Structure formats: C-alpha cells, structure tokens
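The values are calculated or read from the model by the stated rules, or taken from the named source; none is laboratory data. Bear in mind the structure is a predicted one, so any value in this text is a computation, not a measurement. Counting neighbours? That spans all protein chains shown, and the Cβs are built from the backbone with ideal geometry, glycine included.
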C-alpha cells in the first residue's frame with residue numbers, strides 16, 4: 001500500500017552534519033528520514049522557501065524541459081530500500097502515455113515540489129526503514145540507550161529544533 005506523505009522538514013543532522021529530509025504521513029504519524037546530498041537539499045529547501053535564482057538550477061531546468069515537452073508529473077513514489085539506499089519512481093504522463101522513470105528520492109522530491117505532485121511511500125519502505133532504525137547490533141534499539149535517545153528525539157522533533165537548512 002502507498003502512503004501519501006509531505007515534507008515535514010529539511011534539516012542538518014546534528015550527528016553527521018549531513019542534510020536530512022523528514023517525510024511525514026499526511027493521514028498518520030509515521031515518518032521517514034532520508035539523508036540526502038547538499039545540492040539536493042539546496043534544491044528542495046530553495047523551492048520550499050520560494051527562493052528564485054537568476055538562472056535555472058538543475059531541477060528548475062529539468063522542470064522547464066518537462067513543461068515544454070508537455071509532460072505532467074503525476075506523483076513520485078519511494079518504493080524500495082536496499083542496502084541503506086532508497087529507490088524512487090517518477091510517474092509521468094505525456095499525452096496519454098504513462099511513463100515511469102527511476103530516480104533518487106531526493107531528485108524525485110525536488111521535482112515533486114516544483115510540480116506540486118504528491119509524494120507516496122510504500123508500506124514496505126516504512127517497515128524496512130523502521131527495522132534499520134530499530135536494530136542496534138541485532139538488539140531492538142527500544143531496549144538500548146541509543147534507541148531510547150532516538151525515540152525521544154523523533155517523538156519531540158519540530159522543524160525549529162535543528163533550524164531550517166539554509167543555503
């Protein structure tokens with residue numbers, strides 16, 4: 001089953017100093033954390049903040065091409081998690097033809113917010129991501145100090161806690 005999600009925040013992970021995007025279910029409480037690259041974080045954050053550049057950045061350029069080719073982004077779907085790598089699909093329509101393109105989730109999300117397309121995550125991905133978060137050397141983390149710490153952090157997480165990621 002696919003779950004509609006929205007971008008909850010783009011922050012810097014205080015532990016790794018890497019950008020992290022947090023997706024949250026629209027009708028639910030589950031979240032998905034995805035560590036992303038700096039350039040992709042900039043592309044997502046700039047669009048969220050309404051920042052426009054004098055020249056098109058990569059995702060803006062791609063959206064210009066998509067629009068000129070009369071292609072519509074119907075949705076993006078984060079559909080798998082293998083070896084700590086997330087996989088996404090961009091679902092496109094051109095005329096009546098349905099196209100599906102493989103993409104990194106960060107690039108798919110950067111396009112989705114520009115196209116105002118919905119973001120979906122499969123139950124399987126949420127389940128797999130929770131299994132990774134819940135494992136600490138084979139022991140469920142909710143019984144470990146590290147697990148309790150992360151559970152507390154995630155339960156209390158607000159966008160202003162880490163400060164929005166700025167370019």
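Would you please name the residue that is farthest from residue 103 (Cα to Cα), looking only at residues in the stretch 50-70 that are surrounded by 11 or more Cβ atoms within 10 Å (Cβ to Cβ) and touching a residue at least 24 places away in the same chain (Cβ under 8 Å)?
Here the residue is 51.
Which of the residues that make up the stretch 1-24 are free of Cβ contacts under 8 Å to residues at least 60 places away in the same chain and under 16 Å from residue 78 (Cα atoms)?
Selection gives 20, 24.
In the list 88, 45, which residue meets the criterion of being outside any strand (DSSP E or B), buried (at least 16 other Cβ atoms within 10 Å of the Cβ) and in contact with a strand residue (DSSP E or B) (Cβ under 7 Å, 6 or more places away or on another chain)?
Working: 88 fails: outside any strand (DSSP E or B).
Unique residue meeting the criteria: 45.
For the stretch 95-108, enumerate the residues that are modelled with pLDDT of 95 or more and either part of a strand (DSSP E or B) or out of contact with any helix residue (DSSP H, G or I) (no Cβ under 6 Å at 6 or more places or on another chain) (or both).
97, 98, 99, 100, 101, 102, 103, 104, 105, 107, 108
For (1) at pLDDT below 65; (2) more than 15 Å from the chain's Cα centre (by Cα); (3) at negative phi, each residue gets a yes or a no:
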| site | (1), (2), (3) |
| --- | --- |
| 70 | no, yes, no |
| 93 | no, yes, yes |
| 122 | no, no, yes |
| 130 | no, yes, yes |
| 140 | yes, yes, yes |
| 143 | yes, yes, yes |
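What number of residues within the stretch 28-39 are without any contact (Cβ under 8 Å) to a residue 24 or more places away in the chain and in contact with a strand residue (DSSP E or B) (Cβ under 7 Å, 6 or more places away or on another chain)?
Step one: list which residues in the stretch 28-39 are without any contact (Cβ under 8 Å) to a residue 24 or more places away in the chain, which gives 29, 35, 38-39.
Now narrow it down to the ones that are in contact with a strand residue (DSSP E or B) (Cβ under 7 Å, 6 or more places away or on another chain): 35, 38.
The total comes to 2.
Hey, can you tell me all the residues within the stretch 114-125 that are surrounded by fewer than 18 Cβ atoms within 10 Å (Cβ to Cβ) and either in contact with a helix residue (DSSP H, G or I) (Cβ under 9 Å, 6 or more places away or on another chain) or under 19 Å from residue 8 (Cα atoms) (or both)?
116, 118, 122, 123
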